[in-house]
Protein chains: 2
Amino acid sequence: MTKASLLALTALSLAAPALANTPSPRPTLEQAADIALQADVDAWDFVEGITTEVGHRQAGTEAEARGRAWAMAWLKAKGFQNIADEPYMMPTWVPGEPGRAEIVSPFPQSFAIAPLGDTASTGPEGITAQVVMFRSVAALQAAPEGSLKGKIAYVSNAMTRTQDGSQYGFAGPTRWVAAGIAAKKGALATVIKSVGTDDHRNPHTGGTDFPEGVAPTPAGALSNPDAANLERMFKRADGRPITMKLVLTPRFLGQTQSGNVVGEIVGRNPSLPPVLLACHLDSWWPGTGAIDDGAGCAIIASAAINVERAGPPLRTIRVLFAGAEEVGLFGSAAYSKAHIGEPIAVGLESDFGADRIWRFDSNFRTTNPELHKKIAAAVARFGVSSGTDVAGGGADLNIVRDQKGALVDLQQDGTRYFDLHHTPDDTLDKIDIVQLRQNVAVWTQVVGILAGEDTAILTGSPVPSAPAVMK
Amino acid sequence: MTKASLLALTALSLAAPALANTPSPRPTLEQAADIALQADVDAWDFVEGITTEVGHRQAGTEAEARGRAWAMAWLKAKGFQNIADEPYMMPTWVPGEPGRAEIVSPFPQSFAIAPLGDTASTGPEGITAQVVMFRSVAALQAAPEGSLKGKIAYVSNAMTRTQDGSQYGFAGPTRWVAAGIAAKKGALATVIKSVGTDDHRNPHTGGTDFPEGVAPTPAGALSNPDAANLERMFKRADGRPITMKLVLTPRFLGQTQSGNVVGEIVGRNPSLPPVLLACHLDSWWPGTGAIDDGAGCAIIASAAINVERAGPPLRTIRVLFAGAEEVGLFGSAAYSKAHIGEPIAVGLESDFGADRIWRFDSNFRTTNPELHKKIAAAVARFGVSSGTDVAGGGADLNIVRDQKGALVDLQQDGTRYFDLHHTPDDTLDKIDIVQLRQNVAVWTQVVGILAGEDTAILTGSPVPSAPAVMK
């Protein structure tokens with residue numbers, strides 16, 4: 001497309017609302033996607049708005065509730081229908097006062113620390129104990145039972161940047177299971193090196209699990225520069241004990257209400273199973289939930305809007321802004337439980353930041369190869385390759401997995417993602433609008449194709465109960 | 001130099017202490033500088049050690065005193081002579097508890113804030129008031145007297161990265177004078193956008209001045225992402241008042257003791273005025289004083305050590321690790337007052353991080369052109385050009401300026417400096433050892449030449465009272 005014709009299309013598209021009485025030619029789906037690449041404003045408006053007017057949306061808190069109210073108003077203003085806040089109850093944990101970690105001896109200084117989700121409080125007076133260092137979860141596992149009694153375990157990891165984010169699986173256990181293992185061996189508390197790839201004094205929080213029967217202990221993540229400093233201290237202490245004072249004051253609030261926000265672009269044939277686009281609205285408290293996952297909600301909602309610009313889709317497109325993903329997928333589970341009897345045509349999720357999409361995977365490459373190829377061909381112009389992985393869907397697509405349904409993964413570039421993930425630095429300025437628009441363009445193209453399919457996505461066979469398409 | 005000959009020289013140099021009984025050929029000054037470029041370990045040892053074993057060194061506090069004790073022990077271990085801690089009294093300010101800035105309405109969320117040096121406390125209960133935004137200090141200055149009564153002034157700036165750091169002069173007044181101007185116009189408190197070029201949730205603190213007769217008010221710096229968020233709020237609020245709760249609890253401790261640490265590589269002719277190498281040992285509390293200015297002290301001390309490796313210099317080389325630079329140059333003033341009667345041959349300072357040196361300036365380019373040219377020729381191989389600016393010396397060279405003496409500036413690349421300056425992120429991991437070594441190499445070369453000059457540096461004329469050089 002030439003620049004001139006693109007500008008003409010853009011003018012057409014943007015002028016449309018103002019000239020509502022004048023029927024104007026609609027862009028094709030391809031044109032709508034191309035316009036989004038150059039000029040989408042809705043995705044930025046969403047993520048700019050929610051990070052500015054709401055900020056963090058810690059699951060189960062009033063901040064998350066304000067986020068839901070804000071998102072519903074936004075969806076309404078953008079013309080979505082059947083908007084709802086579907087409530088559920090969840091066990092809620094809050095972080096308390098800012099954490100403190102101070103080396104008492106031999107090298108007094110303070111470290112930046114954040115408590116991990118679902119961990120216990122030290123009490124406001126804190127605890128002071130000797131620190132025992134482990135280079136990895138494997139080294140911690142090898143420590144004898146009881147050997148950590150009265151001690152603080154420190155567990156390191158070595159994570160590097162990867163485009164596909166795969167080192168999260170490699171380093172993640174430091175956060176996911178180390179505190180539980182250390183608690184089982186008698187540790188008073190656990191301190192970890194952040195699971196993250198940056199070098200800023202901003203710890204990476206996140207959830208942690210304690211094994212059945214093991215009471216949660218206090219646990220926190222040090223920023224990477226502080227973890228490196230602690231590791232240097234062990235070298236310089238040369239056997240002298242390193243003593244740390246730790247003050248972490250999170251609280252469990254018991255059951256509180258959370259909710260999933262849904263909204264629809266109603267299709268021409270609402271009796272066909274809808275296309276489900278998922279993201280999550282909650283975010284960890286230290287940041288503002290820009291890349292995790294304001295951007296995801298921005299991308300999916302904007303794609304739905306752009307698809308409709310090319311004309312009402314055949315199938316309904318439903319957006320699911322899930323609640324309480326970070327702290328245990330409570331929203332995803334509640335949605336599946338409530339809607340398991342309503343078939344979903346295909347599920348897609350955006351929850352990996354706002355950087356560009358580079359690969360497309362589906363779970364119907366072998367069962368519906370024509371559709372897989374059609375999508376692959378359509379997104380190639382955006383620099384998106386066709387992958388051979390079997391799409392597994394994101395965390396908030398429980399319902400689709402529970403229904404054994406069709407899934408598409410639009411893999412984003414995660415190189416920068418774990419610099420920011422679960423830190424205070426998850427803020428709007430980290431979003432590159434050019435890459436955000438590429439996401440919207442690819443999603444517009446893919447969702448538009450999927451919403452236009454009248455056969456079953458997973459198999460290509462006719463949808464049994466579909467009535468005739470409404471004109 | 002070939003790699004093989006370099007390795008041989010390195011081996012020679014590093015082996016020397018172990019083979020003290022075997023006289024070994026000394027490297028030339030040029031060789032000593034070349035070895036430093038490839039293999040210096042002293043500078044890293046200093047900055048790694050002080051950031052690990054001491055951490056921040058807020059002026060006038062016990063942390064600064066621990067820093068002095070640590071530095072004296074280090075100088076002693078490295079063979080410096082005439083090591084001293086020269087005490088002086090100073091008015092000391094401490095930051096209190098971590099600051100808090102919360103938007104109360106219309107968009108409740110918390111911002112990262114740090115108090116500015118020499119500002120007042122809000123009291124632990126804080127203050128809550130409407131925020132008035134100013135795009136710049138000029139805009140603030142234009143506000144009518146009394147117009148800020150009962151308000152919090154917010155003052156922005158627009159700073160970009162510059163190699164020579166010149167935008168610090170452009171943006172710096174936001175921190176230096178805005179709080180004073182706002183206080184004069186009746187403001188309860190002032191909040192500024194950090195004077196810094198990064199996008200992390202780490203505010204840039206630093207000193208601020210209140211005009212004669214204006215009582216200090218509370219004042220703090222927001223991190224840049226938070227400042228950007230506040231500015232977006234003003235747009236979205238569309239005229240509705242923005243109310244902020246501010247809790248900043250710094251305290252003035254009255255007069256406390258600080259000190260300057262000095263040490264010498266004694267020259268062959270100690271009666272000649274010494275070459276003075278300056279840095280500062282104190283640092284702002286949020287970071288660990290790695291780039292500001294642990295690196296500077298590391299570079300100058302390591303250069304002195306490397307010069308001596310090529311044989312005792314003609315002139316004494318004195319290092320001055322000044323105290324309390326950040327909070328008002330108290331160490332620099334005290335040093336000048338105490339030693340004004342002892343002529344300094346030439347002064348050089350390192351206080352701009354640890355990135356590479358790219359330009360050499362002196363204040364004797366026209367008065368002693370031969371020496372200027374000699375130095376320029378000697379540092380060219382390290383990628384250092386000869387500049388035409390008249391060297392003004394760093395903040396801790398008051399004595400040289402008071403004596404109207406000779407000055408050399410070795411200009412470092414400041415592109416990254418204001419990403420880190422006065423923030424929690426001033427940590428060891430920000431130092432690139434390759435660039436640190438380039439600094440040491442250039443300093444070794446320049447200091448070695450200067451310490452070998454038997455004529456007055458500023459003029460090239462014979463030093464009047466110099467006795468014959470001792471052999």
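In table form, for the structure just shown:
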{"item": "Matching residues, the stretch A:432-451, being in contact (Cβ under 8 Å) with a residue 24 or more places away in the chain and either among the polar types (S, T, N, Q) or more than 15 Å from A:Leu277 (Cα to Cα) (or both)", "result": "A:Asp432, A:Ile433, A:Gln435, A:Leu436, A:Arg437, A:Gln438, A:Asn439, A:Thr444, A:Gln445"}
{"item": "Residue in the stretch A:422-432 that is over 18 Å from the mean Cα position of the chain (by Cα) and among the hydrophobic types (A, V, I, L, M, F, W, C) present", "result": "no"}
{"item": "Tally of residues being of a type in the set (Gly, Ala, Ser), more than 14 Å from chain A (Cβ to nearest Cβ) and surrounded by 24 or more Cβ atoms within 10 Å (Cβ to Cβ) across the stretch B:207-236", "result": "3"}
{"item": "Selected residue [under 30 Å from A:Pro241 (Cβ atoms), basic (Lys, Arg) and modelled with pLDDT of 95 or more] from A:Arg57, A:Arg66, A:Arg100", "result": "A:Arg100"}
{"item": "Test: B:Thr455 is closer than 25 Å to B:Val275 by Cβ, more than 14 Å from every other protein chain (Cβ to nearest Cβ), touching a Ser or Thr at 6+ places or on another chain (Cβ under 8 Å) and modelled with pLDDT of 95 or more", "result": "yes"}
{"item": "Failed item in (1) in contact with a helix residue (DSSP H, G or I) (Cβ under 6 Å, 6 or more places away or on another chain); (2) under 30 Å from B:Gly387 (Cα atoms); (3) among the β-branched types (Val, Ile, Thr), with B:Thr162 passing the rest", "result": "(1)"}
{"item": "In the stretch A:28-75, residue nearest to the other protein chains (Cβ to nearest Cβ) [restricted to those that are of a type in the set (Lys, Arg) and touching a residue at least 60 places away in the same chain (Cβ under 8 Å)]", "result": "A:Arg57"}
{"item": "A:Lys245 charged (D, E, K, R), outside any helix (DSSP H, G or I) and surrounded by fewer than 17 Cβ atoms within 10 Å (Cβ to Cβ)", "result": "no"}
{"item": "Residues that are in contact with a strand residue (DSSP E or B) (Cβ under 9 Å, 6 or more places away or on another chain), among the hydrophobic types (A, V, I, L, M, F, W, C) and within 11 Å of chain A (Cβ to nearest Cβ), drawn from the stretch B:95-116", "result": "B:Ile103, B:Phe111, B:Ala112"}
{"item": "Residue within the stretch B:163-171 that is surrounded by 22 or more Cβ atoms within 10 Å (Cβ to Cβ) and touching a residue at least 40 places away in the same chain (Cβ under 8 Å) present", "result": "no"}
{"item": "Pairs with Cβ under 8 Å, 6+ apart, first in the stretch B:183-202 and over 15 Å from B:Pro218 (Cα atoms) and within 13 Å of chain A (Cβ to nearest Cβ), second part of a loop (DSSP other than H, G, I, E, B) and acidic (Asp, Glu)", "result": "B:Asp198/B:Asp425; B:Asp199/A:Asp425; B:His200/A:Asp425; B:His200/B:Asp425; B:Arg201/A:Asp425; B:Asn202/B:Asp425"}
{"item": "Criterion: in a loop (DSSP other than H, G, I, E, B) and of a type in the set (Ser, Thr, Tyr) - qualifying residue of B:Thr119, B:Thr174", "result": "B:Thr119"}
{"item": "Residues (within 14 Å of chain B (Cβ to nearest Cβ) and either under 24 Å from A:Leu397 (Cβ atoms) or at pLDDT below 95 (or both)) located in the stretch A:244-303", "result": "A:Ser283, A:Trp284, A:Gly287, A:Gly289, A:Ala290, A:Ile291, A:Gly294"}
{"item": "Cβ pairs under 6 Å, 6+ apart, first in the stretch B:99-110 and crowded, with 18+ Cβ neighbours inside 10 Å and polar (S, T, N, Q), second part of a loop (DSSP other than H, G, I, E, B) and modelled with pLDDT of 95 or more", "result": "B:Gln109/A:Gly55"}
{"item": "Filter pass, B:Thr388 being hydroxyl-bearing (Ser, Thr, Tyr) and out of contact with any helix residue (DSSP H, G or I) (no Cβ under 9 Å at 6 or more places or on another chain)", "result": "yes"}
{"item": "Entirely in the stretch A:397-453, the helices (runs of 4 or more DSSP H) that have 1 or more residues that are closer than 27 Å to A:Phe330 by Cα and basic (Lys, Arg)", "result": "A:398-402"}
{"item": "Qualifying residue in the stretch B:255-275 (condition: within 30 Å of B:Thr128 (Cα to Cα), touching a residue at least 12 places away in the same chain (Cβ under 8 Å) and surrounded by 24 or more Cβ atoms within 10 Å (Cβ to Cβ))", "result": "no"}
{"item": "B:Ala377 being free of Cβ contacts under 8 Å to residues at least 60 places away in the same chain and buried (at least 20 other Cβ atoms within 10 Å of the Cβ)", "result": "no"}
{"item": "Checking B:Thr415 against (1) under 26 Å from B:Ala158 (Cβ atoms); (2) in contact with a strand residue (DSSP E or B) (Cβ under 8 Å, 6 or more places away or on another chain), the condition it does not meet", "result": "(2)"}
{"item": "Residue within the stretch A:120-138 that is more than 25 Å from A:Gln412 (Cβ to Cβ), free of Cβ contacts under 8 Å to residues at least 24 places away in the same chain and within 14 Å of another protein chain (Cβ to nearest Cβ) present", "result": "no"}
{"item": "Search result, residues across the stretch A:123-154 that are more than 32 Å from the chain's Cα centre (by Cα), surrounded by 12 or more Cβ atoms within 10 Å (Cβ to Cβ) and not in a strand (DSSP E or B)", "result": "A:Gly126, A:Ala143, A:Ser147, A:Leu148, A:Lys151"}
{"item": "One residue from A:Phe321, A:Phe352, A:Phe330 being within 23 Å of A:Lys430 (Cα to Cα) and out of contact with any Leu (no Cβ under 6 Å at 6 or more places or on another chain)", "result": "A:Phe352"}
{"item": "The listed residue being small (Gly, Ala, Ser) and either in contact with a helix residue (DSSP H, G or I) (Cβ under 6 Å, 6 or more places away or on another chain) or surrounded by fewer than 24 Cβ atoms within 10 Å (Cβ to Cβ) (or both), out of A:Gly311, A:Gly289", "result": "A:Gly311"}
{"item": "Residue match in the stretch B:185-208 (condition: outside any loop (DSSP other than H, G, I, E, B), over 25 Å from B:Ala354 (Cα atoms), within 23 Å of the chain's Cα centre (by Cα) and not aromatic (Phe, Trp, Tyr))", "result": "yes"}
{"item": "Which listed residue, of B:Thr427, B:Thr415, is of a type in the set (Ser, Thr, Tyr), buried (at least 24 other Cβ atoms within 10 Å of the Cβ) and either under 30 Å from A:Asn202 (Cα atoms) or within 14 Å of another protein chain (Cβ to nearest Cβ) (or both)", "result": "B:Thr427"}
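Here's the yes/no breakdown for (1) out of contact with any strand residue (DSSP E or B) (no Cβ under 7 Å at 6 or more places or on another chain); (2) crowded, with 23+ Cβ neighbours inside 10 Å; (3) in a loop (DSSP other than H, G, I, E, B):
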residue: B:Ile300; (1), (2), (3): no, yes, no
residue: B:Ala304; (1), (2), (3): no, yes, no
residue: B:Gly328; (1), (2), (3): no, no, yes
residue: B:Tyr335; (1), (2), (3): no, yes, no
residue: B:Glu342; (1), (2), (3): yes, no, yes
residue: B:Leu348; (1), (2), (3): no, yes, no
residue: B:Gly353; (1), (2), (3): no, yes, yes
residue: B:Phe360; (1), (2), (3): no, yes, no
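The values are calculated or read from the model by the stated rules, or taken from the named source; none is laboratory data. Just so it is clear, the model here is predicted, and its values are computed rather than measured. In this analysis, Cβ positions are derived from the backbone assuming ideal geometry, glycine residues included, and neighbour counts consider all displayed protein chains.
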